[in-house]
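A.B. asks: Please read through the structure below; I'll follow up with questions.
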């Protein structure tokens, strides 16, 4: 095939890693052996465990670096997801030039990893190999980035099950999971330092949870690169700020019946609760709490569960004292829906996470409201009966602490919580007891990656902790 070794070198390698011999790129992270060492197997063959794709052919293109990089990524993706997917070498050839790679004339594996860290990588099937450099065809989307949610900062193909990952590698994985992109090196450094401080807090707390000292666990949530002050400013944006100045009350108050209540209630199991939603960068918690209660009561009356429009409340209820993405009240939302003769479906008036013009359409109304009923302030027993006999209830809570910001699972118990200064609107969808501790089952509006798939268990019968019974109400439909 080749007339001489020199021809072979020129034809196959084409400078493939020539630049490597001049300037070697290094990561800040280095693989570390476990202290004391571990017993290694005498033989290893990852092909037998499904980590390796079929043999490929780079043909007349010096892109060995791209095939090495995708092979490593193929294996680590399988390790994390259990699925072996062939990834696109052609994308690396076409798209990673700005990272120092030169397509068919050579490149680095580490620089390929850096490119993928920033942009993600397509499948081989969707972006097939052509053995030549062409114009960029890859279009970045968050969905594409999530296809390869793996450790991609200077990875090597690991043959030891005892690998230890540095915090910066965990940070890169976390960034991919939540689609975090920072505009400058300075911002990335600042966020990383804050993330590392929160990581220490999470680790220390979870050690206590493992020992049974804490009843809940923390995790690296979407807000893990924010300090607590920034978290408050970003999430709440005055969400229930007006509540702390002017509280709207109904002329109707829930009257307890005094009957025997079930030990546990979970309205999700009865079809009263829609899927977890995400308010995003908009202080509209009040709207999500209000629609949640309306959805439940509409289901109770009609037998149909329909997702209702938070965006309509954000856009249209300003005359009732609400401020869109800058805050509002659940009871004011109920008043608006009552006077407006209804609220549209989520499908017909979808959520945008911004303040916009009111576009209410009377033809797509899915729920109405005739008023609302307040629960006696501070009375957890009354709230328990309302949840048990009425359905999901709108509640306001103090969610401003780092423990809430980073909550992952278990029964939340924050003694520092205020029962009067409330900053977040949520939905109580049930209650129960676990490990001899009473809890409220609460639906949040921060997406599935916060808490227990979007939910939190909050301490019940602890002197109205976090004010969960301070401002509870439900609509009449």
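A.B. asks: Describe numerically, in nm with one decimal, the distance between label points set 7 Å from Cα along Cα→Cβ at residue 183 and at residue 275.
C.D. replies: Inter-label distance under the simple model: 3.2 nm.
A.B. asks: Which order results if 265, 52 are arranged by neighbouring Cβ count within 10 Å, fewest first? Show your work: numbers first, answer last.
C.D. replies: Details: 265 21, 52 16.
Lowest count first: 52, 265.
A.B. asks: Go ahead and run the numbers for FRET between residue 376 and residue 193, Cβ-Cβ distance against an R0 of 60 Å, rounding to 0.05.
C.D. replies: Values: r = 46 Å, r/R0 = 0.77.
After rounding, the FRET efficiency stands at 0.85.
A.B. asks: Let me ask something additional. Taking neighbour counts of Cβ atoms within 10 Å as a proxy for exposure, in what order, fewest first, do 476, 427 appear? Present the calculation step by step, with values, prior to reporting the outcome.
C.D. replies: Values: 476 15, 427 26.
Ascending Cβ contact count within 10 Å gives the list 476, 427.
A.B. asks: To the nearest 0.05, what FRET efficiency results for residue 83 and residue 204 with a Förster distance of 35 Å applied to their C-beta separation? If you can, show how the numbers build up before the last one.
C.D. replies: On the way: r = 35 Å, r/R0 = 0.99.
After rounding to 0.05, the efficiency reads 0.50.
A.B. asks: Then there's this: Per 0.36 nm of contour for each residue apart, how much would the distance between residue 59 and residue 167 grow if the chain were fully extended, relative to their Cα-Cα spacing? List each step's numbers first, then the result.
C.D. replies: Numbers: separation 108, 0.36 × 108 = 38.88 nm, distance 3.86 nm.
So the extension gain works out to 35.0 nm.
A.B. asks: Tell me, 456, 390 in order of fewest to most beta-carbon neighbours within 10 Å?
C.D. replies: Details: 456 25, 390 17.
Result, fewest neighbours first: 390, 456.
A.B. asks: Going 7 Å from the Cα of residue 131 toward and past its Cβ, which residues in region 62-76 have a backbone nitrogen under 20 Å from where you end up?
C.D. replies: Inside the label zone: 62-71.
A.B. asks: Once you have the Cα-Cα distance between residue 355 and residue 46, take 0.36 nm times their residue separation minus that, and quote the gain in nm to one decimal.
C.D. replies: 106.0 nm
A.B. asks: Go ahead and run the numbers for FRET between residue 118 and residue 463, Cβ-Cβ distance against an R0 of 45 Å, rounding to 0.05. Intermediate results must be reported in sequence, preceding the final value.
C.D. replies: Details: r = 49 Å, r/R0 = 1.09.
Given R0 = 45 Å and the Cβ-Cβ separation, E is 0.40.
A.B. asks: Let me ask something else about it. Relative to the present Cα-Cα distance, how much length would full extension add between residue 229 and residue 253 at 0.36 nm per residue of separation?
C.D. replies: 5.1 nm
Bear in mind these aren't lab numbers, they're just calculated from the coordinates by the rules spelled out. Please read these numbers as outputs of a predicted model, since none were measured by experiment. No Cβ is skipped: glycine too gets one built from the backbone with ideal geometry, and neighbour counts run over all protein chains shown.
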